[in-house]
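Below is one structure, written out as structure tokens, with a few remarks after it.
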Amino acid sequence: MATTLFFNIATLGGVDRKGRLRLQGSEMAQFETLDNAYLLVKDGRIADFGPMEQMPKFDDNVTKVDADGGTVMPSFCDSHTHIVNAGSREGEFVDKINGLSYAEIAKRGGGILNSADKLHEMSEDDLYEQSMKRVREVMFKGTGCVEIKSGYGLNTEDELKMLRVIKRIKETSPLKVVANFLGAHAVGRAYAGRQAEYVDLVINEMIPAVAAEGLADFVDVFCDEGFFTPEETGRILQAGAKHGMRGKIHGQELAPSGGVEVALKHNALSVDHLESMTDEDIAMMIGTETSPTALPGTSFFLNIPFAPVRKMISAGLGPAIASDYNPGSTPSGDMKFVVSLACIKMRLLPEEALNAATINGAYAMGLSADYGSIAIGKVANFYITHPIPSIAFIPYAYTTPVIREVYLNGERQN
Ligand code: NIG
Ligand code: FE
């Protein structure tokens, strides 16, 4: 039995003794901490923690790690990413500076289709190597659980290629990974002008093929103005459900276009983006299982409004925040920066933003029984910081690296 003791922890953050699966409303301001603490890990899981003065004596078989006055924080749980993709799109970045909108770029055949063309040309091995670099990048930025979507294939073969790469990442990376099938991200080039037929392809060919290989945990649709309608989204969610894939969808980024309603109707686990969320949408979400997930990095990068997360919390909801790491609308998977943006642009308290990026992110992936906080029995995914004056320093010092060591499954990553 591998046992590791971490001691001299200045602050142990994200402590949860109640085993809550997500935090909602006023609970979100409670990011419990324990000062001057120890933490015990056995076989990759958290076995015990407490104040230093109550630390039991351990024999030499126990590996000892001196946290040396650093803070220990639960790893970020990034519930919305497109980390598997082929290459960058900085040309569109310049187009946007020159005045084109995200929707205009997409209409011209750029955007998502541009990434699909690149992905089509790339071998599965190269796609894996390139994507693993990003996975390692976010791992050292503190992410311990990540959702990864397909959606740059847009034909059956290339969607399967993406999902096989995600499966390989699941098997080879120490991060906890969940896979989301996003065949309905845009209409594939071969189906230009034939959206209804493309939706049929997603339902009748892609979903059964994905399910046959057991490649996806969830199903996603870009339900928005200029992309897929709520009616199409509903049919895709139903088809996914038949194969055991719950919905986690893109909704109401570009316009209030029915994404929330359809997500709730099909009991999706999350509805993400919500930059155009209305007060009625917020009211509709109260008391549901569906996680509202905001993507502050997207608003920052596209220069569009931020999702009304402050209002969601006041209404008693439990939003998650995620990176949306992708080559078009958010070329960054830096969850520390996402937390800063949530504080600065959405007026979240550091505690609220950290909960949104950890336990509530884990909830939005169906993982919060095992990840997202420092709780006995949970997987030992955390990072140790350099000495910092307080938890609020993390989002405050918005470009200062604070992480000294990363532990996943109780093991130090290097
Ligand atoms: O979540 N909004 C839709 N999809 C992605 C962007 C994809 C892209 O531009 O490549 C997003 O922002
Ligand atoms: Fe996205």
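The table below gives the values:
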{"quantity": "Enumeration of residues in segment 245-290 that are more than 20 Å from SER329 (Cβ to Cβ) and within 16 Å of ligand 2 (Cβ to nearest atom)", "calculated": "GLY247, ALA268, LEU269"}
{"quantity": "Number of the exception - ALA380 against (1) within 19 Å of the chain's Cα centre (by Cα); (2) under 18 Å from MET335 (Cα atoms)", "calculated": "(2)"}
{"quantity": "Cross-chain or 6+ apart pairs with Cβ under 6 Å, segment 278-289 first and over 11 Å from LEU264 (Cβ atoms) and in contact (Cβ under 8 Å) with a residue 12 or more places away in the chain, then part of a helix (DSSP H, G or I) and of a type outside the set (Lys, Arg)", "calculated": "ILE282/MET312"}
{"quantity": "Strands (runs of 3 or more DSSP E) fully within segment 1-99 counting 3 or more residues that are farther than 30 Å from LYS133 by Cβ and not assigned by TED's automatic domain parsing to the domain that holds SER123", "calculated": "3-13, 33-42, 45-51"}
{"quantity": "Subset of segment 205-228 [surrounded by fewer than 18 Cβ atoms within 10 Å (Cβ to Cβ) and either of a type in the set (S, T, N, Q) or free of Cβ contacts under 8 Å to residues at least 60 places away in the same chain (or both)]", "calculated": "GLU205, PRO208, ALA209, ALA212, GLU213, GLY214"}
{"quantity": "Flag if VAL177 is under 21 Å from LEU269 (Cβ atoms), touching a residue at least 12 places away in the same chain (Cβ under 8 Å) and either among the acidic types (Asp, Glu) or surrounded by fewer than 24 Cβ atoms within 10 Å (Cβ to Cβ) (or both)", "calculated": "yes"}
{"quantity": "Qualifying position, being among the hydroxyl-bearing types (Ser, Thr, Tyr) and within 16 Å of ligand 2 (Cβ to nearest atom), among SER131, SER101, SER173", "calculated": "SER131"}
{"quantity": "Those residues of segment 359-399 which are part of a loop (DSSP other than H, G, I, E, B) and farther than 21 Å from PHE49 by Cβ, in sequence order", "calculated": "ALA364, MET365, GLY366, PRO389, ALA392, ALA397, TYR398, THR399"}
{"quantity": "Residue count for segment 273-306, restricted to those that are small (Gly, Ala, Ser) and over 23 Å from ARG246 (Cα atoms)", "calculated": "3"}
{"quantity": "Total residues in segment 1-33, condition of a type outside the set (Asp, Glu) and closer than 16 Å to ASN355 by Cβ", "calculated": "20"}
{"quantity": "Condition check for ASP224: under 19 Å from LYS161 (Cβ atoms), within 16 Å of ligand 2 (Cβ to nearest atom) and in the same structural domain as GLY111 (by TED's automatic domain parsing)", "calculated": "no"}
{"quantity": "Test result for PRO401, surrounded by fewer than 22 Cβ atoms within 10 Å (Cβ to Cβ), closer than 24 Å to ALA37 by Cα and in the same structural domain as LYS133 (by TED's automatic domain parsing)", "calculated": "no"}
{"quantity": "Members of segment 187-237 found to be touching an Asp or Glu at 6+ places or on another chain (Cβ under 9 Å), part of a strand (DSSP E or B) and closer than 20 Å to GLY366 by Cα, listed by number", "calculated": "PHE218, ASP220, VAL221"}
{"quantity": "Test set (1) within 15 Å of ligand 1 (Cβ to nearest atom); (2) assigned to a loop (DSSP other than H, G, I, E, B); (3) surrounded by fewer than 19 Cβ atoms within 10 Å (Cβ to Cβ) - TYR152 fails condition number", "calculated": "(3)"}
{"quantity": "Checklist (1) on the phi > 0 side of the Ramachandran plot; (2) assigned to a helix (DSSP H, G or I); (3) not polar (S, T, N, Q) applied to ASP324, failing item", "calculated": "(2)"}
{"quantity": "Count - residues of segment 335-358 that are part of a loop (DSSP other than H, G, I, E, B) and buried (at least 22 other Cβ atoms within 10 Å of the Cβ)", "calculated": "2"}
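Rundown of residues vs (1) farther than 17 Å from PHE222 by Cα; (2) in contact with a helix residue (DSSP H, G or I) (Cβ under 9 Å, 6 or more places away or on another chain); (3) within 16 Å of ligand 1 (Cβ to nearest atom), yes/no style:
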position: GLU275; (1), (2), (3): no, yes, yes
position: VAL309; (1), (2), (3): yes, yes, no
position: ILE321; (1), (2), (3): yes, yes, yes
position: LEU354; (1), (2), (3): yes, yes, no
position: ALA357; (1), (2), (3): yes, yes, no
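Matching residues to (1) among the polar types (S, T, N, Q); (2) free of Cβ contacts under 8 Å to residues at least 24 places away in the same chain; (3) in contact with a Lys or Arg (Cβ under 6 Å, 6 or more places away or on another chain):
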position: ASP78; (1), (2), (3): no, no, no
position: ILE83; (1), (2), (3): no, no, yes
position: LYS96; (1), (2), (3): no, no, no
position: ARG108; (1), (2), (3): no, yes, no
position: ASP125; (1), (2), (3): no, yes, no
position: GLU129; (1), (2), (3): no, yes, no
position: MET132; (1), (2), (3): no, no, no
position: GLY144; (1), (2), (3): no, no, no
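The values are calculated or read from the model by the stated rules, or taken from the named source; none is laboratory data. What you are looking at is a predicted structure, and each value in this text was computed from that prediction instead of being measured. As a convention, Cβ positions derive from the backbone with ideal geometry for all residues, glycine included, and neighbour counts pool all protein chains shown.
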